[in-house]
Amino acid sequence: MSEAASPPPLSGLLGQEPAIEALTALAGRALAGDAVPPLLLFGPDGVGKRTAALAFASTLACLRRAGTDACGRCGPCRRIAGAEAITALREGATAQDAPRSYPDSGLVSIPKGKTRISVLQARDIAQSLSLQPFELSRRIYVVDPADALTPGAANALLKSLEEPPPYGVLVLVTAAPWALPITVRSRLRAVRFRPLPEQIVRRLLEAEGLEPAEAETRARRAAGSLARARALDLEGEATRLEAWLQILERLGARAPAPPLAVLAGETFGGSAAEALEGLAALLAVLRDVAAAHAGAAPRTLSPAAAARLAPAATALLGPALDRAEAVETLRREIVSINRNPRLGVEGAVLALAGALRP
């Protein structure tokens, strides 16, 4: 098995200057002897939050850092690079298993075959933080995605968040901070990550070997997410957009909303993942409708496609864009309260028709 690559140094992370500046300042104070407060790195998927968390961890552990940049080659840096291995330790675990101590650094995520980060994993973190570091100067744990913590797991972390040991560093990473209990969020110092600039996404894709034309198309449709740009199925995305265009054209022409909601649910509501992709595409369409209505160029739709929905813009978006906000709320609830994906998609169409009560 090949050795995991070390994360880039903090100064090498592009497109998130305010967040990196905040992490660099925290790292500088920590290296001068201050404790590191529990952190919440939040923002859209695929914009570099996990990479930044591991780069921050490497900075704190590195033996040969330059300023606040880790070398990426020393023993502690290599251990941070391999931090994901501790998640595999709990792939076959049951609720009856006893907590175990982790190595000094770890990335705690959803184990293979599971759907959430368990209370047992949270107890592992708490037990590990109760012990002095063995090899590194600190014990450093990154939890990603933190919104996958079960309620019991979130509660099991409260004491560690309230009273972390001076050598303990706990970083929670999420695209859905609203899904975390307020008791957890209130104990964390938040660092916000924003969508990456389109030119940064395009440059990174070209550096990975994509042709400029494809890199430009992917960057334009990725809504600031490098991960989405890499994974984007351009043909599938075109199919989703056309399906929404047809539904929204009929909705704007005052066709009855309930049958269109059922059609959307059948098209996009087969699973939570499909619903999230479908609603993300819908929000991109609505963003372009609003942009075109204001005289700006669309980003996801072609000008011709945006023109198809121009007559329906006011009806679809509603006063002060409150209907688009309702769609975003329903998308979030598929994650935060495990809303039925089909009902979430159907509700989005009803919201756009003004037929969904708050």
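Numbers below:
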quantity	calculated
Flag if Gly67 is crowded, with 18+ Cβ neighbours inside 10 Å and either hydrophobic (A, V, I, L, M, F, W, C) or within 27 Å of Gln16 (Cβ to Cβ) (or both)	no
Sole residue being assigned to a strand (DSSP E or B), among the hydrophobic types (A, V, I, L, M, F, W, C) and touching a helix residue (DSSP H, G or I) at 6+ places or on another chain (Cβ under 7 Å), chosen from Leu54, Leu40	Leu40
From the options Leu282, Leu343, Leu352, Leu286, residue that is surrounded by 15 or more Cβ atoms within 10 Å (Cβ to Cβ) and more than 25 Å from the chain's Cα centre (by Cα)	Leu352
Pairs, first in contact (Cβ under 8 Å) with a residue 24 or more places away in the chain in region 158-170, second among the basic types (Lys, Arg) and in a loop (DSSP other than H, G, I, E, B), C-beta under 8 Å, six or more apart	Leu158/Arg187; Leu161/Arg187; Glu162/Arg187; Tyr167/Arg138; Gly168/Arg138; Val169/Arg138
Any chance Leu241 is part of a helix (DSSP H, G or I) and closer than 20 Å to Leu356 by Cβ	no
Helices (runs of 4 or more DSSP H) completely within region 271-358 that count 2 or more residues being under 22 Å from Pro177 (Cβ atoms)	272-293, 322-336, 341-352
Positions within region 1-25 being free of Cβ contacts under 8 Å to residues at least 40 places away in the same chain, of a type outside the set (Val, Ile, Thr) and not in a loop (DSSP other than H, G, I, E, B), in sequence order	Glu17, Glu21, Ala25
Check on Lys112, touching an Asp or Glu at 6+ places or on another chain (Cβ under 8 Å) and in contact (Cβ under 8 Å) with a residue 12 or more places away in the chain	yes
Whichever residue in region 77-101 is touching a Pro at 6+ places or on another chain (Cβ under 8 Å) and in a loop (DSSP other than H, G, I, E, B) and, among such residues, is surrounded by the most Cβ atoms within 10 Å (Cβ to Cβ)	Ala93
Residues of region 15-30 that turn out to be of a type outside the set (Ser, Thr, Tyr) and either in contact with a Gly (Cβ under 7 Å, 6 or more places away or on another chain) or crowded, with 16+ Cβ neighbours inside 10 Å (or both), as a count	9
Hits in region 49-70 (condition: more than 23 Å from Ala175 (Cβ to Cβ) and in contact (Cβ under 8 Å) with a residue 60 or more places away in the chain)	Leu60, Ala61, Asp69, Ala70
Enumeration of residues in region 244-258 that are in a helix (DSSP H, G or I) and closer than 17 Å to Ala312 by Cβ	Trp244, Leu245, Gln246, Ile247, Leu248, Glu249, Arg250, Leu251, Gly252, Ala257
Single unsatisfied condition, Ala215 versus (1) assigned to a helix (DSSP H, G or I); (2) under 30 Å from Leu26 (Cα atoms)	(2)
Restricting region 135-170 to residues that are in a loop (DSSP other than H, G, I, E, B) and acidic (Asp, Glu), the residue that is farthest from Glu333 (Cα to Cα)	Glu135
Cross-chain or 6+ apart pairs with Cβ under 8 Å, region 80-96 first and within 12 Å of Tyr141 (Cα to Cα) and assigned by TED's automatic domain parsing to the domain that holds Pro111, then in a loop (DSSP other than H, G, I, E, B) and β-branched (Val, Ile, Thr)	Thr87/Ile110
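Table: residues versus (1) modelled with pLDDT under 90; (2) over 17 Å from Gly33 (Cα atoms).
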| residue | (1), (2) |
| --- | --- |
| Lys49 | no, yes |
| Thr59 | no, no |
| Ile80 | no, yes |
| Ala83 | yes, yes |
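The values are calculated or read from the model by the stated rules, or taken from the named source; none is laboratory data. This is a predicted model, so every value here is computed, not measured. Here the Cβ is made from the backbone with ideal geometry for all residues, glycine too, and neighbour counts use every protein chain on show.
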